[in-house]
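What follows is a short report on a single structure.
The values are calculated or read from the model by the stated rules, or taken from the named source; none is laboratory data. Owing to the predicted nature of the structure, the values given are computational and were not obtained by experimental measurement. All Cβ positions, even for glycine, are placed from backbone atoms using ideal geometry, and neighbour counts span all protein chains on display. These accessible areas exclude ligands, DNA and RNA; they are computed on the full protein's heavy atoms, side chains included. Shrake-Rupley method; radii C 1.70, N 1.55, O 1.52, S 1.80 Å.
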Amino acid sequence: MRLDPQAQAVADQLANIPRPDFSSLSVAGYRAMIAAFPIAPAGDDGLASILDDTLPGIAGPLPVRIFRPFGSGPLPLTVFFHGGGFVSCSIDTHANICSRLAAMSGSIVVSVDYRLAPEHRFPAAVDDAIAAVRSLHARAAALGANPAQVAVAGDSAGGTLAAVVAHALRDDPIAIRHQLLLYPVTDAACDSASQHALADAPVLTRAMMQWFWRNYLPDSEAGLDPRASPLRQTDLDRVASATVITAGADPLRDEGEAYARALVEAGVCVTQQRWNGHFHGFASLLGTLDAAAEALAFGALQLRHAFDN
């Protein structure tokens, strides 16, 4: 697929960096590789504050970062889960996305540092995500948030967690209002048409995604669990409305769009938008790709609509 000129320029730079051998790469080696890339600054324009805190978690305190926009009265609350293949990244690597979403949506965004694999394999991240949303809902008043206006959001593996939280809490008093999913991971099989056609795409390859799954899951059978593979959830009735953003040159494109269709078939209100000419993770490249700002503005607008209805 032909890339957008800005995306092509990034892809050309990445092509000069040798790709690791995912048949032998260690998690420590991958994390070191990720850490070598500069973190895009979060920026605080349009924000009243950015604060770090902790929440009580199943296995100990969960670090969180709270991005608060200007505004009076209780504000909506969006709980964000970062991507990174379930094995890497943090509230630091995704601060730019969260800062932009908070400023543009008028929602308090709380980014959660859930436990990572392989030290903590599935379903540890899922358990942390659900516990975090419950805890934040319980302390909404102290946060200055409206407990009746709670959304979940995430990119890539974080999109998986957001989707699973929406499943788990659909009949809960928390009443999730919306799920914003940026190029989500939805199926451990890695066998869609785009997984094969775009197996060697920039940023994320099929081999890399398979490596993530091997490190995240305790065994291959766990990939059949809808908490790992949301596309395998057969009962999507009453799930919160969704916005699903995909990238045209992403191996995950088809599974993300298949998940959007499954939600629609279950009667869920869904807005699905594909950014053609862009690769996985493009929304993180604020200041480099115009499409990053466009996608996050679109996602923030969808959150606003969900909170207003």
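Here are some notes:
- Close amide H contacts of residue 55 (hydrogens built in the peptide plane, cut-off under 5 Å, sequence separation of 5 or more or a different chain): 62, 64.
- Region 1-41 versus region 213-268: alpha-carbon centroid distance in Å: 25
- Once the chain from residue 49 to residue 171 is taken as fully extended at 0.36 nm per residue, the excess over their C-alpha distance is 40.6 nm.
- FRET efficiency, 1/(1 + (r/R0)^6) with R0 22 Å, evaluated for residue 294 and residue 19 via beta carbons: 0.20
- Sparse-neighbour loop sites [trypsin sites (Lys or Arg not before Pro); region 254-309; at most 12 other C-beta within 10 Å; DSSP]: none
- For residue 146, distant residues with modelled amide H under 5 Å away: 75, 77
- Of the residues 112, 209, 164, the one whose Cα sits farthest towards the positive end of the charge dipole of the chain is 112 (charges of +1 on Lys and Arg Cβ, -1 on Asp and Glu Cβ, taken about the Cα centre).
- Stretchable slack from residue 59 to residue 8, in nm (0.36 nm times residue separation minus alpha-carbon distance): 14.1 nm
- Applying the Karplus relation 6.51 cos²θ - 1.76 cosθ + 1.60 with θ = phi - 60° to region 13-26 yields 3J(HN,Hα) values of 5, 5, 5, 7, 9, x, 7, x, 8, 6, 7, 9, 5, 8 Hz, where x marks Gly and Pro.
- Taking amide hydrogens as placed 1.01 Å from N in the peptide plane, the amide H of residue 48 sits under 5 Å from those of 68, 70, each at least 5 positions away in sequence or on another chain.
- Dividing the alpha-carbon radius of gyration of region 16-164 by the rule-of-thumb value 2.2 N^0.38 Å gives 1.08.
- Hull shadow area, averaged, region 258-300 [alpha-carbon convex hull, nm²]: 3.5
- Sparse-neighbour loop sites [trypsin sites (Lys or Arg not before Pro); region 1-100; at most 11 other C-beta within 10 Å; DSSP]: 2
- When only alpha carbons are used to place a centre, region 142-193 and region 274-309 end up 16 Å from one another.
- Descending Cα extents along the principal axes, the chain, whole Å: 50, 41, 38
- In the assembled protein chains, residue 196 presents an accessible area of approximately 100 Å² (probe radius 1.4 Å).
- Taking Cα centre as origin and charging only the Cβ of basic (Lys, Arg, +1) and acidic (Asp, Glu, -1) residues, the dipole magnitude of the chain rounds to 320 debye.
- The convex hull drawn around the Cα atoms of region 177-272, when projected onto a plane and averaged over every direction, covers 6.0 nm².
- A dipole drawn for the chain from +1 and -1 charges on Cβ atoms has a positive end, and of 49, 14, 192 the residue lying farthest that way is 49.
- Cα-centre dipole for region 147-236 with unit charges at Cβ (Lys and Arg positive, Asp and Glu negative), debye to 20: 180
- Our coupling estimate for region 208-223, obtained by passing each phi through the Karplus curve with A = 6.51, B = -1.76, C = 1.60 and θ = phi - 60°, is 5, 5, 5, 5, 4, 4, 4, 7, 8, 7, x, 6, 5, 4, 5, x Hz, Gly and Pro reported as x.
- Using a simple spin-label model with pseudo-atoms 7 Å out from Cα toward Cβ, residue 304 and residue 31 lie 3.9 nm apart.
- Taking θ as phi - 60° and the Karplus parameters 6.51, -1.76 and 1.60, the scalar couplings of region 130-144 work out to 5, 4, 5, 5, 4, 5, 5, 5, 5, 9, 4, 4, 5, 7, x Hz in sequence order, x denoting glycine and proline.
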